[in-house]
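One structure is given below, encoded as structure tokens.
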Amino acid sequence: QVQLVESGGGLVQPGGSLRLSCAASGSIFRLNAMGWYRQAPGKQRELVAEVTDGGTTTYADSMKGRFTISRDNAKNTVYLQMNSLKPEDTAVYYCNARVTVLRTAIPVTGDFWGQGTQVTVSS
């Protein structure tokens with residue numbers, strides 16, 4: 001089994017910064033892409049940013065220039081540095097990882113999710 005544990009959410013004023021972390025653990029054969037999604041009340045979950053195991057990054061247009069995703073492969077951890085936060089960034093942020101595990105010696109790849117961490121941007 002694979003677990004993703006997030007940390008770093010909270011309340012911040014507009015223009016402020018937060019750093020989210022997500023550590024993956026468990027029976028990991030290979031940790032592929034890792035990313036962050038968010039879901040605001042009444043809205044669908046959307047991609048925030050993603051980073052491949054090779055370091056290639058992808059961002060949603062509204063986050064470009066404000067958010068930075070990075071990963072530490074030695075720690076199986078992905079980070080999201082969020083700067084210049086706006087009230088519309090308020091949401092539950094979810095960590096996602098595409099993980100290959102071994103099932104009776106056969107590699108199987110699937111998506112795993114963290115429990116979510118609340119980010120609230122308000123004065």
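The values are calculated or read from the model by the stated rules, or taken from the named source; none is laboratory data. Keep in mind the model is a prediction, meaning the values are calculated, not measured. Counting neighbours? That spans all protein chains shown, and the Cβs are built from the backbone with ideal geometry, glycine included. Surface areas here come from the heavy atoms of the whole protein model, side chains and all, with no ligands, DNA or RNA. Shrake-Rupley method; radii C 1.70, N 1.55, O 1.52, S 1.80 Å.
Sort out which residues of the stretch 9-22 are of a type in the set (G, A, S) and either more than 21 Å from V99 (Cβ to Cβ) or open to solvent by 40 Å² or more (accessible area, probe 1.4 Å) (or both), and write them in order of number. Correct list: G9, G10, G15, G16, S17.
Among the conditions (1) more than 30 Å from I106 (Cβ to Cβ); (2) open to solvent by 60 Å² or more (accessible area, probe 1.4 Å); (3) without any contact (Cβ under 8 Å) to a residue 24 or more places away in the chain, the only one that T58 does not satisfy is (1). Answer with yes or no whether G42 is over 27 Å from T120 (Cα atoms) and without any contact (Cβ under 8 Å) to a residue 60 or more places away in the chain. In short, no.
Looking across the stretch 2-17, not a single residue is under 17 Å from G116 (Cα atoms) and touching a helix residue (DSSP H, G or I) at 6+ places or on another chain (Cβ under 8 Å). Among the residues examined, S62 does not qualify as modelled with pLDDT under 95 and out of contact with any helix residue (DSSP H, G or I) (no Cβ under 9 Å at 6 or more places or on another chain).
Yes or no: the stretch 29-38 includes at least one residue that is among the polar types (S, T, N, Q), in contact with a strand residue (DSSP E or B) (Cβ under 9 Å, 6 or more places away or on another chain) and farther than 27 Å from Q1 by Cα. Spell out how you get there, then give the answer.
As a first pass, look at the stretch 29-38 and keep what is among the polar types (S, T, N, Q): 32.
Keeping just the survivors that are in contact with a strand residue (DSSP E or B) (Cβ under 9 Å, 6 or more places away or on another chain) gives 32.
In the following step, the residues that additionally are farther than 27 Å from Q1 by Cα were identified as none.
Checked against the condition, which is being among the polar types (S, T, N, Q), in contact with a strand residue (DSSP E or B) (Cβ under 9 Å, 6 or more places away or on another chain) and farther than 27 Å from Q1 by Cα, the stretch 29-38 yields no hits at all.
Restricting attention to the stretch 23-39, the residues that are buried (at least 16 other Cβ atoms within 10 Å of the Cβ) and under 21 Å from D89 (Cα atoms) total 5.
In the stretch 11-123, counting only strands (runs of 3 or more DSSP E) that sit wholly within it, the ones holding 1 or more residues that are small (G, A, S) span 18-26, 30-39, 46-51, 67-72, 91-103, 106-113.
When you check G110 against the structure, is it closer than 20 Å to E6 by Cα and surrounded by 15 or more Cβ atoms within 10 Å (Cβ to Cβ), yes or no? Don't jump to the end; show me each part of the working.
On the way: closer than 20 Å to E6 by Cα: yes; surrounded by 15 or more Cβ atoms within 10 Å (Cβ to Cβ): no.
So G110 fails the test.
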